[in-house]
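Undergrad: Got a structure for you, written out below as structure tokens; questions coming shortly.
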Amino acid sequence: MMKYTKADLEKIVFTQLENLNAMNDLLSIMKVQNELIPNANKKLRDEISEFKQKQYPTRKRSR
């Protein structure tokens, strides 16, 4: 069994706190990115529609 000193435990706890803070920062970044995705998707759909209309104008079929 390994015995830890108070200094060892403080170092472990401080490292865990740093890791938790880093994860919180990453989660905040991901939240912002997730909020941006719907707008990016809408813009991309609109651009694809415009591109298709320019490249392949719809024609009325005559029967």
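Undergrad: Please compute the per residue accessible area over the chain with all protein chains in place, 1.4 Å probe, rounded to a whole number of Å².
TA: Heavy-atom SASA per residue in the chain reads 111 Å².
Undergrad: Would you report the distance distribution of C-alpha pairs in the chain as whole percents per 5 angstrom bin, up to the bin with the largest distance?
TA: 3, 14, 9, 10, 9, 8, 8, 6, 6, 5, 5, 5, 4, 3, 3, 1, 1, 1
Undergrad: Next question, about the same structure. Measure off, as a whole percent, the carbon and sulfur share of the 1.4 Å-probe accessible area of the chain, all protein chains present.
TA: Carbon and sulfur together cover 58 percent of it.
Undergrad: Quick check: with the 1.4 Å probe, what order do Asp25, Asp8 take by accessible area, largest first?
TA: Result of the area sort, largest leading: Asp25, Asp8.
The values are calculated or read from the model by the stated rules, or taken from the named source; none is laboratory data. Only a predicted model underlies this, so the values are computations on that prediction, with no experimental measurement involved. Side chains are part of the model used for accessible areas, which takes the heavy atoms of the whole protein and leaves out ligands, DNA and RNA. Shrake-Rupley method; radii C 1.70, N 1.55, O 1.52, S 1.80 Å.
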